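S.K.: One structure, as structure tokens, below. Some questions next.
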Amino acid sequence: MGEVKLLGVWPSPYVYRIIWALELKGVKYEYVEGEFHKIDFTDLLLKYNPVYKKVPVLVLDGKPIAESTVILEYIEETWPQPPLLPQDPYERAVARFWVSFAEEKSISFMSFFVTVGEEFQKATREVREVLKTLEETIGDKKYFGGEEIGLLDIILGWIALSFGVIEDVVGVKVLVVNDFPRLYTWIRNFREHPAIKTNLPSHQELLDYYKQKRETIIPSGMA
């Protein structure tokens, strides 16, 4: 395998997915972090992802792959060890089902962050239901993937990355330890994994970022 580059923007959870996967696989890569408003970076996105013009983009010897789930599939096929998906076809299908579930339900978490009033109350209820499902799904396992981090852990990793910060910003706690003890344990296990621990931003940096982002979406008088 030749040169591997990852184009990303901080603190995109979709970019972190790829960082974590590459780190877990032990793949050597160059991380090119940019900002959307800077012309040199937007030129790179126009070159490597002209359809969506967004991150992440994985570039291999000049050939780009876009969309985080597509990139994760490529990484798994190209660097199969350690595996992110089970070897058994049925278990692989089950894992992909839960990945699809997690992607579909992410809209509820987005609404939790960007809405107020009745819409926010509805989003809060939906988030709680999703968390209940995940609490039941992980059971007594260390990770969703079992004893090792799997694809679903990476897809849901943004919860361990930033959901607590988002709760702080909106002023409502949903993921509390008494209600979701297994998810709390999973978050701790995920964040403490060596490949993850060294690739996490600081709590304060994320807090500042999400505060500013929410204020651009919801004027302070409406929140």
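The values are calculated or read from the model by the stated rules, or taken from the named source; none is laboratory data. What you see is a predicted model; the values in this text were computed from it and never measured. Backbone-built Cβ (ideal geometry, glycine too); neighbour counts: all protein chains shown. Each accessible area value is taken on the protein alone, full model and side chains, heavy atoms only, with ligands, DNA and RNA left out. Shrake-Rupley method; radii C 1.70, N 1.55, O 1.52, S 1.80 Å.
S.K.: Starting from the Cα gyration tensor of the chain, take the square roots of the eigenvalues, sort them a ≥ b ≥ c, and report rounded, prolate or oblate (rounded when a/c is under 1.5, otherwise prolate if a/b is larger than b/c, else oblate).
M.R.: Taking the square roots of the gyration eigenvalues as a ≥ b ≥ c, the chain is oblate.
S.K.: Compute the relative contact order of the chain as a whole-number percentage, counting only Cα pairs closer than 8 Å that sit 6 or more residues apart in sequence.
M.R.: It comes to 19 percent, rounded to a whole number.
S.K.: If amide hydrogens are placed 1.01 Å from N in the peptide plane, which non-local residues have theirs closer than 5 Å to the one on Tyr31?
M.R.: It is Leu6, by chain and number.
S.K.: Distance from the Cα centre of region 26-102 to that of region 146-175, in angstrom?
M.R.: Centre-to-centre distance over Cα atoms comes out at 20 Å.
S.K.: Also, quick follow-up: Rank these residues by their accessible area, most exposed first, probe 1.4 Å: Ile138, Ile217.
M.R.: Ile217, Ile138
S.K.: What number, in percent, do you get for the relative contact order of region 140-191 if the mean sequence gap of Cα pairs under 8 Å and at least 6 apart is divided by its residue count?
M.R.: 41 percent
S.K.: A further question on this structure: To check you understand DSSP bridge types, tell me what percent of the beta bridges within the chain (both residues inside) are antiparallel, rounded to 5.
M.R.: Given both bridge residues lie in the chain, the antiparallel proportion sits at roughly 70 percent.
S.K.: Please give the charge dipole size of region 1-155, origin at the Cα centre, charges +1 on K and R Cβ atoms and -1 on D and E Cβ atoms. Round to the nearest 20 debye.
M.R.: The calculation lands at about 260 debye.
S.K.: Count the net charge of all other residues whose Cβ sits under 14 Å from the Cβ of Leu6, scoring Lys and Arg as +1 and Asp and Glu as -1.
M.R.: Local charge sum for Leu6: 0.
S.K.: Among all the lysines, which ones have a C-alpha under 27 Å from Lys213's C-alpha, if same-chain residues fewer than 8 places away are not counted?
M.R.: Leaving aside lysines fewer than 8 places away in the same chain, those within reach of Lys213 are Lys38, Lys53, Lys54, Lys105, Lys122, Lys173, Lys197.
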